[in-house]
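Right, one structure below, let's go through it.
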Amino acid sequence: MGARIFDIAIAGGGLSGALIALALRARRPDVSVALIEGGPAIGGHHLWSFFASDIAPASRDLVEPLVAARWDGGYDVAFPEYRRSLPTAYRSVTSDNLARAVAGALPPDAVMTGTNVAALDGHGVVLDSGERIAARAVIDARGIGPAQLRALKGGWQKFAGQMLELEAPHGLTRPVVMDASVPQHDGYRFVYVLPFAEKSLFVEDTYYADAPALDRDTLAQRIADHAGAQGWCIARISREETGVLPVVTGGDFAALWRGVPRGVALAGVRAGLFQPLTSYSLPDAVRFAHHIAALPHLDGPAIAGASHQYAKAHWQRGRFYRMLAAMLFGAAEPDRRYRVLQRFYRLNEGLIERFYAGGSTTADMARVLAGKPPVPLTKAALVLAGIGAPSSLKVDR
């Protein structure tokens, strides 16, 4: 049997790979796309959330069908010495909706789950089974690998989240995007709460930590303790997820791309396309999918060149966020890191929106850095000089 042939083969059916496939099918329906995912389902088992202001009007049609919950009344944050309500609308996308959208957009034989990629090059993908998927262009969106992590410096954002089905209404109407009034453990800790329904809450326990080790049982107990402290009686847990994401303070962009097969494009976190400080990837995944679908030529060299150029520009724009991340990890004592975010959330709401979207202006950057820093001045100066800043990421977790 000959190889199956597609115009574009995408290795990795997570958020970035799936969004590229959806954008191509919506805007370039003449292009055949194969989406190859090693896990049992497209999108895995995840919840991605974002501010409505993160997505440009031209790209909203790509995201809206995926939204599982929306809160137009804003959100809350809480810190030991400060609380605030902000008006920005908030949204959540589920992997279930993403998988359904892909199933509706691509032919059944173009979506391959439970299928590992053994090798790839600029002309196709070889599966573990030995089958070759031939393509005019190949995009690697499989997530960041150990070799790429070694090219980065920084710390980690790690979390466990649970959908709690409660015995009685919780009474919340707005998301609590960051509650750092909780006891601080293992670096900067906050709890994240999304009210999905009258008796349903998604609660996530999150840490900005120096090491990637995640103790699922400890975090699950802290979620239960937090629920008990709020008076929420848990009837059952309907979903759960965990994650360990890099927070980038520095690194070598060229090394991040070293070893990529000639003619292969990178996408998503594998290309470094996420906000360095928040590890926030959905806005960049949407923008990049829109960018790829708008290219005048969709052959392998064109997409590979465009992906490298796009990622390099993104890396250069991220310098400010990497510097702030270095301050957070290098200059602040672990149990005092919350002060950095507490000060940040006193700033203008428009500045905060642009920050999360990765679009901070020069004036925004100057405002963030103005005044007395919420970290020891001597340590801040040393970190800026490259002394005491986080080293290369540990990759064993």
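The values are calculated or read from the model by the stated rules, or taken from the named source; none is laboratory data. All figures in this text were calculated on a predicted structure; none of them were measured in a lab. Backbone-built Cβ (ideal geometry, glycine too); neighbour counts: all protein chains shown. For the accessible areas, the whole protein counts, side chains as well, though only heavy atoms, and no ligand, DNA or RNA atoms are used. Shrake-Rupley method; radii C 1.70, N 1.55, O 1.52, S 1.80 Å.
Values as computed for the structure displayed
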quantity	calculated
Translational diffusion of segment 17-94, µm² s⁻¹ [Kirkwood Rh, Cα pairs; Stokes-Einstein; 25 °C; 0.890 mPa s]	164
Proportion of all alpha-carbon pairs of segment 251-383 beyond 18 Å (%)	60
Karplus (6.51, -1.76, 1.60) ³J(HN,Hα), θ = phi - 60°, over segment 152-169, in Hz, Gly and Pro reported as x	10, 10, x, x, 9, 10, 10, 7, 10, x, 9, 8, 9, 9, 9, 7, 9, x
Net charge, GLU81 excluded, C-beta distance under 11 Å - Lys, Arg +1, Asp, Glu -1	+4
For segment 356-384 versus segment 223-267, the gap between their alpha-carbon centres in whole angstrom	25
Two-site label geometry, ASP210 and ASP335: point separation in nm, points 7 Å out along Cα→Cβ	1.4
222 nm mean residue ellipticity, helices alone, for the chain (DSSP H n ≥ 4; -39,500 (n - 2.57); rounded to 500)	-8500 deg cm²/dmol
Relative contact order (%) - segment 223-291, alpha-carbon pairs under 8 angstrom, separation at least six	25
Candidates ASP128, ASP210, ASP140, ranked by Gaussian network fluctuation over the chain, Cα under 10 Å, top entry	ASP128
Vicinal HN-Hα couplings computed from phi for segment 39-54 (Karplus, 6.51 cos²θ - 1.76 cosθ + 1.60; Hz; Gly/Pro x)	x, x, 8, 4, x, x, 9, 9, 10, 10, 10, 7, 7, 4, 6, 6
Mean-position separation - Cα centroids, segment 76-132 and segment 178-201, in angstrom	24
The chain: relative contact order as a whole-number percent, Cα under 8 Å and 6+ apart	20
Calculated FRET value between GLN230 and LEU351, using beta carbons and R₀ = 25 Å, to 0.05	0.25
Kirkwood-based Rg to Rh ratio, segment 187-317, C-alpha trace	1.10
Low-density loop cleavage sites - GluC sites (Glu not before Pro) in segment 131-186, where at most 10 other Cβ are within 10 Å (DSSP)	GLU167
Hydrodynamic radius of segment 95-252 per Kirkwood, over alpha carbon pairs, in Å	18.8
Solvent exposure of segment 316-382 as accessible area per residue, Å², 1.4 Å probe	50
Selected from LEU266, LEU377, LEU277 as most flexible by GNM, with the chain as the system and alpha-carbon contacts under 10 Å	LEU377
Solvent-accessible area per residue, Å², over segment 121-179 with all protein chains present [probe radius 1.4 Å]	37
In the chain, lysine pairs with alpha-carbon atoms under 28 angstrom apart (chain gap of 8 or more, or interchain)	10
Per-pair calculated FRET efficiency, R0 = 22 Å: ASP109 and ASP30 via Cβ, rounded to 0.05	0.80
Long-range amide H partners of GLY14 with built H, under 5 Å	GLY43
THR378-PHE344 FRET efficiency (beta carbon distance; Förster radius 25 Å; 0.05 resolution)	0.75
Cα Rg over Rh - the chain, Kirkwood	0.96
Percent accessible area from carbon and sulfur atoms, the chain, protein chains only, probe 1.4 Å	54
Accessible area expressed per residue, segment 12-114, with surrounding protein chains retained (probe 1.4 Å, Å²)	38
For TYR75, distant residues with modelled amide H under 5 Å away	LEU86, THR88
Antiparallel DSSP beta bridges within the chain, percent to nearest 5	75
Semi-axes of the equivalent ellipsoid for segment 130-179, Cα gyration tensor, largest first, Å	40, 21, 11
